[in-house]
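Structure, as structure tokens:
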Amino acid sequence: MPSKYQADFINEQAINDCLARNHEISDEEFNAILTKAASAQGLSIDEVAKLLNIEDDARLAKLYDTAHQVKEKIYGKRIVIFAPLYVSNYCVNTCTYCGYSACSGITRKKLNMAELAEEVRALEEMGHKRLALEVGEDLANCNFDYILECIETIYSLKFKNGSIRRINVNVAATTVERYKQLHAAEIGTYILFQETYHRETYARVHPKGPKHDYDWHTTAFDRAMEAQIDDVGAGILFGLYDYKFEVLGLLQHAAHLEEKFGCGPHTVSVPRLKPALGVDLATYPYMISDNDFKKVIAIIRLALPYVGIILSTRESQELRDEIIRYGVSQISAGSCTGVGGYSEHVSGISAANTAQFSVEDERSPDEVILSLCKSGYLPSYCTACYRQGRVGDRFMALAKSGDIQNVCQPNALLTLQEYLCDYASPETVKAGEELIANELAQIKNENMRKLLINQLAKIKEGKRDFYL
Ligand code: SAM
């Protein structure tokens, strides 16, 4: 009997045909596609295929400019900051690219609740308000109740002015019942990377374990949405297969969710394959160059204008500083991909021996915030949308109307002010205060400006957690 969960919305033949028929793009077509993209109405799969095939510098420069404009139109200068928190690296899967693979020989570690509290304390002391909870898949060593207990513990902890206000969760594909439990635990976004949309490659790089099942994995968001989780976070691990195929696969996935649930993914992550224990990158023929990677990010911004695009510390500082211009709206900062890596108090095992893969941007959150402020970006620790019920299709409707700007911008300023008061270095305080003053001066709505000035003053007096 066919399973209820078949990922037949990913149509490989259609993707290959689409790439084949869109090899050429005239100047006229190129300009028409960019004009359409600039109005933030998204792009068809054929239009995206044409853009994926562009190579010349003049066209690429135009593409980047348009992606930058669309990002600013929807998200302004805000960049949301978060950190991943690895609580267990036990894993029964044998993903060929991953340091957590059951075959990798990595030191296994699962945090107990006291250790978790130390990790959260360390993250809060860096100023974080928003986490992505990460676990390997191993229900014997790390069962679902443990994951729920972690979420409850993290939300309950408060150190000085610190608190984690949003936990996004990256756990393996599971059942509707378990997604309901995650929803009841008040998670933010449910994140699951597809890794690759290409079936044959998927089977090869996931040779054993529950993750081997392409259909079960690829239909995870269907079950999550059936369980009333509104915000889902997609992702492709670039380097496993042809990037052009992957981007079209992502679009088919987004279109399927939109059609079935009225709302596509809330975020798209764009990890690139990096060195990890037991992984020989030379055996991956589809590694993506920096230039193609930039192009892909700009194209995703134009094709799915309302998604949050997430760039991790897998990428270097230089590349992150550049790529932020092409449509990224969320970045991690100060990340550690080992279990227990944030806290010196977690005893026994060095976190370096428990890492899933290596990171390239090793700056502290304060250094990242300073650099963003100096480049005119507005770092945001805002978590208001999901606490105010602005999720799923409600978020998308607000974003499409442009009204989201009127709440996100003030919330970003308020959370930046909290950061400056509680965690920032003197240099960051100076740069941040200047930025806030500049942004305030540009707010046209008199009442909004007055409200903000009042709330910013209260934050300086010690009050916390204002949001619209
Ligand atoms: N449930 C997830 C798991 O077990 O993979 C949780 C952790 S992990 C942060 C999430 C993602 O890291 C994976 O989905 C994969 O895309 C990515 N990843 C794994 N190995 C990687 C590598 N060598 N380089 C870059 N990213 C990698």
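The values are calculated or read from the model by the stated rules, or taken from the named source; none is laboratory data. These numbers were taken from a predicted model, which means no experiment stands behind them. For neighbour counting, all protein chains shown are included, and Cβ atoms are generated from backbone atoms with ideal geometry for every residue, glycine included.
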If we scan the stretch 206-223, do we find a residue that is crowded, with 21+ Cβ neighbours inside 10 Å, within 12 Å of the ligand (Cβ to nearest atom), part of a loop (DSSP other than H, G, I, E, B) and touching a residue at least 60 places away in the same chain (Cβ under 8 Å)? yes
Which one is nearest to PRO275 (Cα to Cα), of the residues in the stretch 232-256 that are more than 16 Å from the ligand (Cβ to nearest atom) and out of contact with any helix residue (DSSP H, G or I) (no Cβ under 6 Å at 6 or more places or on another chain)? ASP242
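A quick yes/no check of all residues on (1) surrounded by fewer than 18 Cβ atoms within 10 Å (Cβ to Cβ); (2) modelled with pLDDT of 95 or more; (3) assigned to a helix (DSSP H, G or I):
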residue: ASP145; (1), (2), (3): yes, yes, yes
residue: ILE151; (1), (2), (3): no, yes, yes
residue: VAL169; (1), (2), (3): no, yes, no
residue: ALA172; (1), (2), (3): no, yes, no
residue: GLU177; (1), (2), (3): yes, yes, yes
residue: LYS180; (1), (2), (3): yes, yes, yes
residue: HIS183; (1), (2), (3): yes, yes, yes
residue: ILE187; (1), (2), (3): no, yes, no
Does the stretch 182-189 include one or more residues that are within 16 Å of the ligand (Cβ to nearest atom), small (Gly, Ala, Ser) and over 21 Å from GLY340 (Cβ atoms)? yes
Condition test on ILE74, is it surrounded by 21 or more Cβ atoms within 10 Å (Cβ to Cβ), free of Cβ contacts under 8 Å to residues at least 40 places away in the same chain, assigned to a helix (DSSP H, G or I) and not basic (Lys, Arg)? no
Residue list for the stretch 110-126, restricted to those being at pLDDT below 95 and touching a helix residue (DSSP H, G or I) at 6+ places or on another chain (Cβ under 8 Å): MET126
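Residue under question is ASP138, and the condition is that it be within 16 Å of the ligand (Cβ to nearest atom) and not hydrophobic (A, V, I, L, M, F, W, C); does it hold?
Here the answer is yes, as ASP138 does meet what is asked.
Among the residues of the stretch 383-402, is any under 21 Å from the mean Cα position of the chain (by Cα), assigned to a loop (DSSP other than H, G, I, E, B), at pLDDT below 95 and closer than 18 Å to LEU123 by Cβ?
yes
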